Amino acid sequence: MIIQRVVLNSRPGINGVPTTENFRMEEATLLDKMSEGQVKVRTLYLSVDPYMRCRMNENSGSDYILPWKLSEVASGGGIGIVEETKDACFSIGDFVTSFNWPWQTKTILDGKQIEKIDPHLVDGHLSYFLGAAGLTGLTSLLGIREKGHVTRGANQTMVVSGAAGACGSLAGQIGFLEGCSRVVGICGTNEKCSILVSEMGFDAAINYKEEDVVQRLRVLCPDGVDVYFDNVGGDISAAVIGQMTPNSHIILCGQISQYNKDVPYPPPLPPATEEIRKARNITRERFLVLNYMDKYPASTMQLCQWIKEGKLKVRETVVKGLENIGAAFQSVMSGGNIGKQIVHVSD
Ligand SMILES: NC(=O)C1=CN([C@@H]2O[C@H](COP(=O)(O)OP(=O)(O)OC[C@H]3O[C@@H](n4cnc5c(N)ncnc54)[C@H](OP(=O)(O)O)[C@@H]3O)[C@@H](O)[C@H]2O)C=CC1
Ligand SMILES: CCCCCC(=O)/C=C/[C@@H]1[C@@H](C/C=C\CCCC(=O)O)[C@@H](O)C[C@H]1O
């Protein structure tokens, strides 16, 4: 059977900005023969995520992220429907997901690699399993619970960078649900700022491309910042850390502003900021959602319940067509998305 797939065409270079030309769509043959334990699936949705930038380098710089190979199919989070099965755990028509889904229209996967998902849990919004009800939501929830030290009634102020993105938009809302009394977002457009405040319940938002972040934080967080959900790193984080209170906490989720640079992960803070951090005893521990797999089932149920109750507002930016996945990734890296970026491959 002939299928379409997307392969890594070229590497942007460790200090380069990724482009759509780094990816190439091509035809390939999917073997008709399946072995015991295998499942043939049609791809419905694929996820593009910032960590994929590290997979475009020859060396990902991280022990848990493998580089993509040139001219080989790329992969990431995906959702599909079972079309044929040689694994008794699955039936035709089951919806399934995997963290390691090849970027192709149809594929044969090992049954052990995939997990069934129940669309009723998300009122039929299957793609939410790549976002709010998937690793993105788990990252926001577990990041806050494991590293945020949020205490109900403690009158804490949370700041979120990358606030209008997939993790950030959920993190701000979860900050409130877990007990913060004030949440301020930082993001890159006025439209995003307005959505954060009017739709997602943030108290205020700062457009870092147009406003003086330090000055605005002084006004919007008069008692200082107690919890910082950091998605971006760089100058924005230095500005936030300068406003943090003694014994406060950074949730070190990601550092997207540094992903097109040859720096280690997590990148060290600039010396003056590191001095502030130490003097104020601010924690900045590495957080990786993959380290909390035992907490996924209960946390996923919590996220689905909040989504159903309307307590967690979900935004997606959906691009149609496997051929557009490179553009969708490039868009995430340059701020084109609001909420989770999804690629819709087939109905
Ligand atoms: N620790 C973990 O286990 C996990 C960590 N992550 C991390 O969480 C972060 C967010 O990921 P995710 O929610 O999927 O992606 P997003 O949906 O937040 O998309 C990325 C956003 O980052 C912003 N951005 C891009 N470049 C810059 C820059 N130079 N400076 C400031 N902001 C920038 C853009 O928004 P804007 O318009 O605001 O610039 C863009 O929309 C990433 O750092 C990622 O690596 C994600 C999953 C798990
Ligand atoms: C080096 C930068 C990492 C920044 C943090 C981040 O975004 C982490 C994201 C992970 C992500 C990727 C983890 C593993 C992929 C393994 C695939 C492979 O190499 O085969 C996601 O899957 C969940 C987050 O914890």
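Listed conditions (1) near ligand 1 (Cβ under 8 Å from one of its atoms); (2) in contact with a helix residue (DSSP H, G or I) (Cβ under 8 Å, 6 or more places away or on another chain) are all met by Y292, apart from (1). Of the residues making up region 139-167, those that are assigned to a loop (DSSP other than H, G, I, E, B) and either within 16 Å of ligand 2 (Cβ to nearest atom) or open to solvent by less than 30 Å² (accessible area, probe 1.4 Å) (or both) number 5. Of the residues making up region 66-86, those that are part of a loop (DSSP other than H, G, I, E, B) and either modelled with pLDDT under 95 or open to solvent by 30 Å² or more (accessible area, probe 1.4 Å) (or both) are L66, P67, K69, S71, E72, K86. Residue-level analysis places T157 among those that are more than 10 Å from ligand 1 (Cβ to nearest atom), closer than 23 Å to K313 by Cβ and of a type in the set (S, T, Y). For the residues D63, D110, the requirement of being open to solvent by 50 Å² or more (accessible area, probe 1.4 Å), within 16 Å of ligand 1 (Cβ to nearest atom) and of a type in the set (D, E, K, R) singles out D63. Here is the figure for region 174-191: residues that are surrounded by 24 or more Cβ atoms within 10 Å (Cβ to Cβ) and part of a helix (DSSP H, G or I) total 2.
At least 3 residues being of a type in the set (V, I, T) is the threshold, and among the strands (runs of 3 or more DSSP E) wholly inside region 232-347 those reaching it are 244-252, 316-320. No other residue among Q258, Q215 is polar (S, T, N, Q) and within 16 Å of ligand 2 (Cβ to nearest atom) apart from Q258.
The values are calculated or read from the model by the stated rules, or taken from the named source; none is laboratory data. Predicted, not measured: the structure shown is a model, and the values here were computed from it. For neighbour counting, all protein chains shown are included, and Cβ atoms are generated from backbone atoms with ideal geometry for every residue, glycine included. Heavy atoms of the whole protein, side chains included, go into the accessibility calculation; ligands, DNA and RNA do not. Shrake-Rupley method; radii C 1.70, N 1.55, O 1.52, S 1.80 Å.
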